[in-house]
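Visitor: Following this message is one structure expressed as C-alpha cells.
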Amino acid sequence: MRIFSTLIVLLFMSGIFIFFSGSLQSDGQVPLPTETPPVTVKKQTNQALALSAEDQIGKTRYYDPAYVSLSYPGGDVDIERGVCSDVVIRALRQQGADLQQRVHQDMKTNFSSYPRIWGLKKPDTNIDHRRVPNLETYFKRHKMEQPVSLNARDYLPGDIVSWRLDNGLPHIGIVTDRYTREGRPLVVHNIGSGARAEDILFLWKINGHYRYFNN
C-alpha cells in the first residue's frame, strides 16, 4: 500500500514538472501573458490641419459661389470647385470636425448670435457654414480667437485667418508651414483660381485670427 501511494505521489509530482517545464522559455523564465496593444488614436493637430489645407491644391481648381443643396451632415460641393470657406471646411473634415454640422447645431440654439446679413429666419444647412461671417462667429463663440497682429511669428501652421478685402467682402484661409524669404507664412485660400498657397497674410486687413485645436 505504501509503495502504491509513493508511486501516485511521484506521478503527480512528475506531472507538475512536465507542466511547468513546458511553460518555461528557453531562458528558464515563465512567459508573461500577452497584452493587447493599445489602440493608437490619431491626434488632431493644427499642423495636420495645415497639411489638410495644402492637400486641396491641384484638386480644387475653380472658384464657384453658387448656392448648392447639400446632404447633411457631411455635405460638400464637388472637390473641383468651391469658395474660400470650403478650404477651411474640407481641411477640418479631414481632422474629424464637420463645420456644416457644428455650425448648424450652434445656430439652432443661438440663432440671434449670428449675423443677420442675409435676411434668414432660420438656419440653412446648405449655406450657413460656407459664409465667412458665420464661421467667424462660431470660432469666437467657441473660444478659438487669437490676437490679431502684424507679426508673422504670431501665425502658426493651421491657424485660420479671415480678412476684409479692399472691396469689403470677407475672405478666409489657413496658414501653412511654408514661408517666404522674409519669414511670412504662405496661406492656402481660394479667391478665384482654386486652392493655392500664396503670400497673402498681410495683403488685406485681418479681421480674425483663430486656432481650432488646443495644441
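What follows is calculated from the coordinates using simple rules that are stated; it is not laboratory data. Just so we're clear, the structure is a prediction, and the values are computed from it rather than from any experiment. Every residue, glycine among them, receives a Cβ derived from its backbone with ideal geometry; neighbour counts consider all protein chains shown.
Visitor: Along the positive direction of the dipole of the range 84-125 (beta-carbon charges: Lys, Arg +1; Asp, Glu -1; about the Cα centre), which of GLN100, CYS84, PRO123 reaches farthest?
Guide: So the residue we want is PRO123.
Visitor: Trypsin sites (Lys or Arg not before Pro) within the range 117-215: which are DSSP loop residues with at most 16 other Cβ atoms inside 10 Å?
Guide: Sites meeting the loop and neighbour criteria: LYS121, LYS143, ARG181.
Visitor: Could I ask something else about it? Let a ≥ b ≥ c be the square roots of the eigenvalues of the Cα gyration tensor of the range 91-215; is it rounded (a/c under 1.5), or, if not, prolate (a/b larger than b/c) or oblate?
Guide: On the way: a/c = 1.90, a/b = 1.65, b/c = 1.15.
Prolate shape, in that a/c is at least 1.5 and a/b is the bigger ratio.
Visitor: Would the range 146-215 count as rounded, prolate or oblate if I go by the C-alpha gyration tensor, calling it rounded below 1.5 in a/c and otherwise prolate when a/b exceeds b/c, oblate otherwise? Don't jump to the answer; show the numbers that get you there.
Guide: On the way: a/c = 1.39, a/b = 1.19, b/c = 1.16.
Here the range 146-215 falls in the rounded category.
Visitor: Something else: Quote the relative contact order of the range 161-215 in percent (integer), defining contacts as alpha-carbon pairs under 8 Å separated by 6+ residues.
Guide: Computed value for the range 161-215: 35 percent relative contact order.
Visitor: Next question. Show log10 I(q)/I(0) for the range 40-145 at q = 0.11, 0.15 Å⁻¹, two decimals, from a solvent-free Debye sum over equal Cα scatterers.
Guide: Once normalised to I(0) and log-transformed, intensities are -0.35, -0.64.
Visitor: So if I place +1 on the C-beta of Lys and Arg and -1 on the C-beta of Asp and Glu, and nothing else carries charge, what would the dipole magnitude of the range 53-158 be about its Cα centre? I want it in debye, nearest 20.
Guide: Dipole of the range 53-158, to the nearest 20 debye: 380 debye.
Visitor: Where does the charge balance sit around LYS59 when Lys and Arg score +1, Asp and Glu -1, over other residues with C-beta under 15 Å from its C-beta?
Guide: Net charge in that neighbourhood comes out at -2.
Visitor: Hey, could you pull the Cα Rg and Dmax for the range 39-95, both in Å?
Guide: 12.6, 42
Visitor: Could you tell me which chymotrypsin sites (Phe, Trp or Tyr not before Pro) in the range 62-99 are loop residues by DSSP with no more than 10 other beta carbons within 10 angstrom of their beta carbon?
Guide: TYR67
Visitor: Next up: For the range 91-210, what does the relative contact order come out to in percent, with C-alpha contacts under 8 Å and a separation of six or more? Could the numbers behind the result be given before it?
Guide: Working: 167 pairs, mean separation 24.6, N = 120.
Across the range 91-210, relative contact order equals 20 percent.
Visitor: Follow-up. About the Cα centre of the range 163-207, how large is the charge dipole given +1 on each Lys and Arg Cβ and -1 on each Asp and Glu Cβ? Please answer in debye to the nearest 20.
Guide: Around 40 debye, computed over the range 163-207.
Visitor: Quick check on my link table: of LYS122/LYS143; LYS140/LYS205; LYS59/LYS122; LYS143/LYS205, which ones sit more than 29 Å apart, alpha carbon to alpha carbon? It would help to have the intermediate numbers written out before the result.
Guide: Numbers: LYS122/LYS143 24 Å; LYS140/LYS205 18 Å; LYS59/LYS122 33 Å; LYS143/LYS205 22 Å.
Those over the limit are LYS59/LYS122.
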